[in-house]
Amino acid sequence: MSDAGMVIVGAGEAGANAALTLRDKGWTGSITLIGEQPHAPYELPPLSKAVMTAADEPAAPTILDESRIREKNIDFRAPSPAASIDAGKHCVVLDSGKQIPYQKLLLATGARARPLAAAGSAEILYLRSFADAQAIRARLLPGAHIGIIGGGFIGLELAASASQRGCRVTVLEMAPDILMRGVPRELADIIGTRHRKAGVDLRTGVTIRGFAGAGSRQSILLADGSRIDCEAIIAGVGAIPETKLAEACGLRIENGIRVDEQLMTSEPDIFAAGDCCSFPHALYDGRRIRLEAWRNARDQGATAAANMLGAGVTYDAVPSFWSDQYELTLRIAGLTDAASHSVSRDLGEGLSFTFHLAEDGRLVAASSIGPDSRIAKEIRLAEMLIAKRLHPDPKALMSSDIRLKSLLAA
Ligand SMILES: Cc1cc2nc3c(=O)[nH]c(=O)nc-3n(C[C@H](O)[C@H](O)[C@H](O)COP(=O)(O)OP(=O)(O)OC[C@H]3O[C@@H](n4cnc5c(N)ncnc54)[C@H](O)[C@@H]3O)c2cc1C
């Protein structure tokens, strides 16, 4: 198709950054960015934090506003969900029936909140979009009792925000502990203690039997026979990669849209980036992973755009994640589950920094929690050590007299 250009489905973090990168890298042809929501592209991380706690009614935290979209000559279509892809004809079909031809296509469709299996007809709130955030915020009234199901990042960030708004909060986690996936126990314990100090009723190892009531008079029924009466119930029990379009057009799926190290799907002219895709990570022996993290989405959007233009770049950025709860920031670089042992460095004032090492002594992850001003720089340096695949002397990692920068030079 002669008028075909670059088409991106999904106007979130990965999609918006891909559109900007295409222009920054000199692509002068058309860029069509297809979004299903009635907003300019916006960030998700503030939805569980600043959007919940802001004193005044907040606006969507926009990544790319209308003037920037015009300046970059991006054809932004929203709300305009993509309904299907015809890979043979190289076109995306919108809900309206309109066909958008593409030379190269990027799928950046993100993920959706996992529905609670036991929900039945109960009115459960979930958080993935700005509209979800507005609906939740409206229920966080001072004194209201909020039941949060799930002690993962979304549930705990919402618990912190709700308690900061003056709500009474109960968090129910089915597992024996909070933050069971990829978070070192010492850090999870610090977070748990902070929540309890704020008055959050944090219960683990809980089984939910069902729900009763409706609207702002609901109850969560527990297997031990007790009930928790609350004004709103929110579930944060994980996310499911959004793969419907990809599946329907025959792309390979494997815990998300399967891409290679250059983010190309099983169709050479279709790429995928962000929460929706799984990729082999070169830093971790090609292990296939899917990340739900802001920086991964942004960086994969940029790499996919470069590769749509033929750069042939391998995506091997160190995984990076943060979570803000109260005055604390948790930061993790790398994959903690690739480690066999860990050593800690004392940063003073009760702050510690943990390095996670593989069996052969290679540094594969680092984690810390504290005020961000104290840990962000150290984590960045640790990321550089991880990216260089170094095997630092554990004694040097433990000694706060030895600067991480000097280990980089070594
Ligand atoms: C509440 C919340 C808080 C978070 N906090 C943090 C944090 O503190 N730190 C961190 O590292 N990460 C955080 N994350 C994760 C991070 O924000 C995500 O990993 C990242 O935004 C994913 O970007 P994405 O572009 O892959 O997906 P998204 O940003 O979800 O974008 C996907 C877009 O595709 C659209 N779409 C889907 N299907 C179609 C279709 N058929 N047609 C058109 N459009 C479609 C969706 O509507 C959506 O706008 C948080 C996530 C959430 C939900």
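Between Ile220, Ile369, Ile257, where does the largest GNM mean-square fluctuation fall for the chain, given springs only between Cα atoms within less than 10 Å?
Ile220
Most fluctuating residue of Ile148, Ile270, Ile208 in a GNM of the chain with Cα springs under 10 Å: which is it?
The residue that fluctuates most here is Ile208.
With only alpha-carbon atoms counted, please give the Rg and Dmax of segment 205-258, in Å.
Over segment 205-258's Cα set, Rg and Dmax evaluate to 17.9, 48 Å.
Within segment 153-250, list the trypsin sites (Lys or Arg not before Pro) lying in a DSSP loop whose Cβ has at most 13 other Cβ atoms in a 10 Å radius.
In loop regions of segment 153-250 (DSSP not H, G, I, E or B), the sparsely surrounded trypsin sites (Lys or Arg not before Pro) are Arg181.
Classify segment 63-139 as rounded, prolate or oblate, taking a ≥ b ≥ c as the square roots of the eigenvalues of its Cα gyration tensor: rounded when a/c is under 1.5, otherwise prolate if a/b is larger than b/c and oblate if not.
Values: a/c = 3.01, a/b = 1.56, b/c = 1.92.
Cα axes put segment 63-139 in the oblate bin.
So for the pair Leu221, Asn255, with labels modelled 7 Å out along Cα→Cβ, what separation do we get in nm?
3.6 nm
Pick out, in residue order, every one of the GluC sites (Glu not before Pro) in segment 318-410 that is DSSP loop and has at most 13 other C-beta atoms within 10 Å; say none if there are none.
Answer in residue order: Glu327, Glu349, Glu359.
Between rounded, prolate and oblate, where does segment 255-410 land on the alpha carbon gyration tensor, with a ≥ b ≥ c its root eigenvalues, rounded for a/c under 1.5, else prolate if a/b exceeds b/c?
Details: a/c = 2.36, a/b = 1.80, b/c = 1.31.
Prolate is the answer for segment 255-410, as a/c is 1.5 or above and a/b outweighs b/c.
Go ahead and estimate [θ] at 222 nm for the chain from helices alone: -39,500 (n - 2.57) per DSSP H run with n ≥ 4, summed, over the residue count, rounded to 500.
Computed mean residue ellipticity for the chain: -7000 deg cm²/dmol.
Using the scaling law 2.2 N^0.38 Å as the reference, what is the normalised Cα Rg of the chain?
For the chain, the normalised Cα radius of gyration comes out at 1.03.
Using Cα positions and a limit of under 30 Å, work out the lysines in reach of Lys98, with same-chain residues fewer than 8 apart set aside.
The qualifying lysines are Lys25, Lys72, Lys89, Lys244.
May I ask for the distance between the Cα centers of segment 306-338 and segment 97-118, given as a whole number of Å?
Segment 306-338 and segment 97-118 have Cα centres separated by 22 Å.
Near Ala409, within a Cβ-to-Cβ distance under 12 Å, what is the net charge of the other residues, with Lys and Arg +1 and Asp and Glu -1?
Details: positive: Lys388, Arg403, Lys405; negative: none.
Once all neighbours under 12 Å are counted, the net charge is +3.
Taking N as the number of residues in segment 163-234, what is its alpha-carbon radius of gyration divided by 2.2 N^0.38 Å?
1.20
Counting every Cα pair in segment 113-258, what percent are over 20 Å apart?
50 percent
Given points 7 Å out from each Cα along the Cα-Cβ axis, report the His391 to Leu351 separation in nanometres with one decimal.
3.1 nm
Where is the GNM fluctuation largest for the chain (alpha-carbon springs, 10 angstrom cutoff): Ser48, Ser342, Ser368?
Most flexible of the set in this elastic network: Ser342.
Extension gain Glu359-Ile402, at 0.36 nm per residue separation less the Cα-Cα distance, in nm?
Extra length from Glu359 to Ile402 when fully extended: 13.2 nm.
Tally Lys and Arg at +1 and Asp and Glu at -1 over the other residues with C-beta under 13 Å from the C-beta of Gly361: what net charge comes out?
With Lys, Arg at +1 and Asp, Glu at -1, the neighbours total 0.
Read the figures in this text as sums done on the coordinates, not as results from a lab. Owing to the predicted nature of the structure, the values given are computational and were not obtained by experimental measurement. Cβ atoms come from the backbone with ideal geometry, glycine included; neighbour counts cover every protein chain shown.
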